[in-house]
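Enquirer: I have a structure I would like to understand better, so I am pasting it below and will then ask my questions one at a time.
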Amino acid sequence: MADQGGAVQQRRRELPARLTLYLVLALWLWRNLSYKEVWRRLADGCAFSGPVQGLTVPASGAPQASSVTRARERLGTEPLALLFARTAGPLADPQTPGAFWRGYRLSAVDGTCLDVPNTAANQAAFGGPTDGAFPQIRLIAHCEIGTRALIDASFDTYATSEKALCERLAASFAPDMLTVFDSGFCGSDLYSTITATGAQVIMRAGAQFDLTPITVLSDGSYTAHLKKGGPLVRVIEYTIYTDTESAHGHQSTVGETITLVTSLLEVDRYPIEDFPGLYAARWESEVLYDAVKTELRGGTSVRFRSGTPDLVRQEAWALLLVYQALSDLITRAAGYTQLDPDRVSFTTALNASRRSVHQTGGRFSP
């Protein structure tokens with residue numbers, strides 16, 4: 001994979017490209033450890049000194065941080081982006097709990113931002129909120145509901161809109177998918193892009209949409225144009241109530257009206273009572289981001305290591321790759337024991353992966 005990404009080494013180096021790629025991935029397994037300590041764990045636990053061509057551990061011991069940085073610069077971003085493209089994708093089978101609905105594979109799209117080190121280069125390349133202490137990258141993930149696996153992902157500068165990033169993921173949608181979007185993604189152009197792939201969508205529409213009824217359907221939903229002359233959608237409205245308690249012990253009920261638009265127009269095939277649950281399932285993407293930002297990254301006080309934009313991008317792909325590998329581990333483990341993947345702890349899977357590095361006893365798997 002390093003070769004395919006243009007990172008073929010021209011001479012024998014202390015840190016060959018393939019070994020550097022493994023090291024970049026391992027940095028997220030031990031995000032609180034130094035380059036040297038992560039190196040030692042790989043060298044001691046993964047038997048790199050075994051009969052794996054091109055992966056002999058250099059005899060000089062743990063490399064200096066400057067040597068690791070230079071090796072990472074030589075490796076670049078492309079090998080990790082290619083590896084992510086190869087490994088991303090849905091993991092559920094028809095027996096996976098919560099992954100399918102009426103023949104459709106369920107997925108969700110949501111976005112978040114990640115802090116990166118506050119260097120002049122990163123600030124110029126990525127930007128950030130005006131009141132923020134750090135530059136940020138904006139990340140969009142298309143994930144599978146049921147396994148929380150990454151079907152695809154895209155990231156860019158802070159100023160890049162979520163809709164623009166989602167447009168880049170169009171190839172990851174398919175005719176057998178039903179994808180749930182939150183309110184920030186609702187729009188005629190993105191709706192048309194996604195449905196053009198054959199996928200079905202559910203989007204939450206904000207108050208800015210003038211959804212004038214065209215036909216009221218038998219279940220109380222109605223059809224409307226998402227914008228004047230735009231796509232015809234089915235509109236489903238419902239109210240959720242939350243009980244609150246005051247300091248005096250009095251309870252009150254607060255209602256919030258949810259307006260959904262969907263490409264599923266047939267009332268008999270797609271009953272209205274299923275849609276609140278389908279929309280709620282989008283929280284799978286929030287769980288994904290919690291795993292990425294808290295479990296892997298280590299919380300809001302922990303940032304990427306890289307002071308340059310290219311290495312930030314390299315780290316971002318590595319973060320997504322490690323997350324996907326752990327999702328695959330969780331889904332496989334749940335399948336073997338016939339469990340819902342939601343019941344398998346991400347933290348447990350992460351710790352098991354860390355331990356496994358010390359238990360390979362042979363070749364390190366690419």
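Enquirer: Kindly indicate which of Ser188, Ser221 is open to solvent by less than 10 Å² (accessible area, probe 1.4 Å), in contact with a Lys or Arg (Cβ under 8 Å, 6 or more places away or on another chain), in contact (Cβ under 8 Å) with a residue 24 or more places away in the chain and of a type in the set (S, T, N, Q).
Expert: It is Ser221.
Enquirer: If we scan the stretch 272-292, do we find a residue that is touching a Leu at 6+ places or on another chain (Cβ under 7 Å), at pLDDT below 90 and under 19 Å from Asp110 (Cα atoms)?
Expert: Yes - at least one qualifying residue is present in the stretch 272-292.
Enquirer: Still on this structure, please answer the following. Can you tell me which condition Arg234 does not meet? The list is (1) open to solvent by 40 Å² or more (accessible area, probe 1.4 Å); (2) of a type in the set (Lys, Arg); (3) within 26 Å of Arg105 (Cβ to Cβ), and all the others hold.
Expert: Of everything listed in (1) open to solvent by 40 Å² or more (accessible area, probe 1.4 Å); (2) of a type in the set (Lys, Arg); (3) within 26 Å of Arg105 (Cβ to Cβ), Arg234 misses just condition (1).
Enquirer: Which of the following residues is among the charged types (D, E, K, R) and surrounded by 21 or more Cβ atoms within 10 Å (Cβ to Cβ): Asp176, Asp93, Asp131, Asp110?
Expert: Asp110
Enquirer: Write out, first by first residue and then by second, each pair whose Cβ atoms fall under 9 Å of each other, whose residues are 6+ apart or on separate chains, and whose first residue, in the stretch 59-80, is over 16 Å from Tyr35 (Cα atoms) while the second is surrounded by fewer than 17 Cβ atoms within 10 Å (Cβ to Cβ) and modelled with pLDDT of 90 or more.
Expert: Pairs that qualify, where the first residue is over 16 Å from Tyr35 (Cα atoms) and the partner is surrounded by fewer than 17 Cβ atoms within 10 Å (Cβ to Cβ) and modelled with pLDDT of 90 or more, are Gly76/Asp310; Thr77/Asp310.
Enquirer: When the residues of the stretch 99-148 are narrowed to those that are acidic (Asp, Glu) and modelled with pLDDT under 95, which ends up nearest to the chain's Cα centre (by Cα)?
Expert: Filtering first and then ranking leaves Asp110.
Enquirer: When the stretch 206-234 is examined, which residues are found to be under 20 Å from Phe185 (Cβ atoms), of a type outside the set (Lys, Arg) and in contact with a helix residue (DSSP H, G or I) (Cβ under 8 Å, 6 or more places away or on another chain)?
Expert: Scanning the stretch 206-234 gives Gly206, Leu226, Gly230, Pro231, Val233.
Enquirer: Taking the stretch 185-208, which residues are in a loop (DSSP other than H, G, I, E, B) and either of a type in the set (Ser, Thr, Tyr) or in contact with an Asp or Glu (Cβ under 9 Å, 6 or more places away or on another chain) (or both)?
Expert: Listed by number, the residues that qualify are Thr197, Gly198, Ala199.
Enquirer: Which one of the conditions (1) closer than 26 Å to Trp101 by Cβ; (2) in contact with a His (Cβ under 8 Å, 6 or more places away or on another chain) does Thr212 fail to meet, given that it meets all the rest?
Expert: Condition not satisfied by Thr212: (1).
Enquirer: Quick one: count up the residues across the stretch 81-98 that are within 18 Å of the chain's Cα centre (by Cα) and without any contact (Cβ under 8 Å) to a residue 24 or more places away in the chain.
Expert: Here the count works out to 1.
Enquirer: So, one more: Of these, Glu273, Glu295, Glu245, Glu266, which one is within 26 Å of Leu114 (Cα to Cα) and either basic (Lys, Arg) or open to solvent by 40 Å² or more (accessible area, probe 1.4 Å) (or both)?
Expert: After applying the criteria, what remains is Glu295.
Enquirer: Could you go through the stretch 209-220 and let me know if any residue there is over 21 Å from Gly111 (Cβ atoms), part of a strand (DSSP E or B) and charged (D, E, K, R).
Expert: no
Enquirer: Still on this model: Could you please give the count of residues in the stretch 15-26 that are among the hydrophobic types (A, V, I, L, M, F, W, C), in a helix (DSSP H, G or I) and modelled with pLDDT under 90?
Expert: 2
Enquirer: Just checking, does the stretch 227-241 include any residue being at negative phi and modelled with pLDDT under 90?
Expert: The answer is yes, given that some residue of the stretch 227-241 is at negative phi and modelled with pLDDT under 90.
Enquirer: Ser345 is checked against (1) within 13 Å of the chain's Cα centre (by Cα); (2) open to solvent by 40 Å² or more (accessible area, probe 1.4 Å); (3) not β-branched (Val, Ile, Thr) and fails just one. What number does that condition carry?
Expert: (1)
Residues checked against (1) touching a Ser or Thr at 6+ places or on another chain (Cβ under 9 Å); (2) crowded, with 18+ Cβ neighbours inside 10 Å; (3) modelled with pLDDT under 80:
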{"site": "Trp28", "(1), (2), (3)": "no, yes, no"}
{"site": "Lys36", "(1), (2), (3)": "no, no, no"}
{"site": "Ala43", "(1), (2), (3)": "yes, no, yes"}
{"site": "Thr56", "(1), (2), (3)": "yes, no, yes"}
{"site": "Ala65", "(1), (2), (3)": "yes, no, no"}
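The values are calculated or read from the model by the stated rules, or taken from the named source; none is laboratory data. No experiment lies behind these values; they were computed from the predicted model shown. Ideal geometry is used to build each Cβ from the backbone, glycine not excepted, and the neighbour counts take in all protein chains shown. Heads up: the accessible areas ignore ligands, DNA and RNA and are worked out on the full protein's heavy atoms, side chains in. Shrake-Rupley method; radii C 1.70, N 1.55, O 1.52, S 1.80 Å.
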